[in-house]
Amino acid sequence: MTRPPFAEIKSYQEFAKYYWYRDELVQICKELGISSSGMKVELQRNIQEYLKGNLITGSQPKRRVKPSTSALSLNSGLIECGFTFGPRFREFFAEQTGVKNFKFNVDMVATVKKVKEDGDKSFTLNDLLDIYYGRKSYAKYDNSALQWNRFVKDFCADPQTAKMHNKLKIAAILWTEVRNSTREKIYTPDLLIEFADKIAKQ
């Protein structure tokens, strides 16, 4: 089934069957007059609420919390200490983990965002360390934005595509067909047969 224009979609269940780029979601939100800022998962949530009859017109400006001048400890509240992903906190977590070039993982990023959105003052830097080690779960990173990358990786790993020229272009042709359909957003070798005529025309 080919993806219909958004105007013809009547429910979130129907909307969720298809793949949408972030730019497309931003444009849809702008046309609907709802909040068009944020990550892809937030834009999808705004559209979901719109299709339920709830309008999200934009968030109120949030008061900035002044970073605490006291020394950081594992008991420091994430909101209270004015947590950011800057050098100060990277150094703190490098000391805690013993990892010299410490990097925040995607679940830590998603968690910090959720903690700040919820205004959860009970969440500490120790809780965030538990997220890093996988001992706790608070918010998970939305991997749907990585579907195209995974599709291309699997396409290129297929021995049948080894001698193809313009691999990225062929992958894009197949991805467009998959993206605009209700099928699972993954690469399978069957796509080479199913869309052989479109590949031949490229």
Members of region 109-133 that are in contact (Cβ under 8 Å) with a residue 12 or more places away in the chain and closer than 18 Å to Gly38 by Cβ: Val109, Ala110, Thr111, Val112, Lys113, Lys114, Val115, Lys116, Gly119
Helices (runs of 4 or more DSSP H) completely within region 106-202 that count 2 or more residues being modelled with pLDDT of 90 or more and under 20 Å from the mean Cα position of the chain (by Cα): 106-118, 125-133, 147-157, 167-179
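Go through region 1-13 and report how many residues are surrounded by 15 or more Cβ atoms within 10 Å (Cβ to Cβ) and farther than 18 Å from Glu31 by Cα.
Adding up the residues that qualify gives 1.
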Search result, residues across region 163-202 that are more than 20 Å from Tyr19 (Cβ to Cβ) and of a type in the set (Gly, Ala, Ser): Ala196, Ala200
Test for Asn46: is it closer than 30 Å to Asp127 by Cα, at pLDDT 85 or above, among the polar types (S, T, N, Q) and assigned by TED's automatic domain parsing to the domain that holds Leu128: no
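Would you mention how many residues in region 153-187 are of a type outside the set (Lys, Arg) and in contact (Cβ under 8 Å) with a residue 24 or more places away in the chain?
Result for region 153-187: 16.
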Residue in region 117-137 that is of a type in the set (Ser, Thr, Tyr), assigned by TED's automatic domain parsing to the domain that holds Ile193 and surrounded by 15 or more Cβ atoms within 10 Å (Cβ to Cβ) present: no
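Looking at the structure I just gave you, is Phe104 farther than 30 Å from Thr2 by Cβ, without any contact (Cβ under 8 Å) to a residue 60 or more places away in the chain, surrounded by 15 or more Cβ atoms within 10 Å (Cβ to Cβ) and of a type in the set (Phe, Trp, Tyr)?
Details: farther than 30 Å from Thr2 by Cβ: yes; without any contact (Cβ under 8 Å) to a residue 60 or more places away in the chain: yes; surrounded by 15 or more Cβ atoms within 10 Å (Cβ to Cβ): yes; of a type in the set (Phe, Trp, Tyr): yes.
Judged against the criteria, Phe104 is a match.
The values are calculated or read from the model by the stated rules, or taken from the named source; none is laboratory data. In this text the structure is predicted, and so the values were computed from the model without any measurement. As a convention, Cβ positions derive from the backbone with ideal geometry for all residues, glycine included, and neighbour counts pool all protein chains shown.
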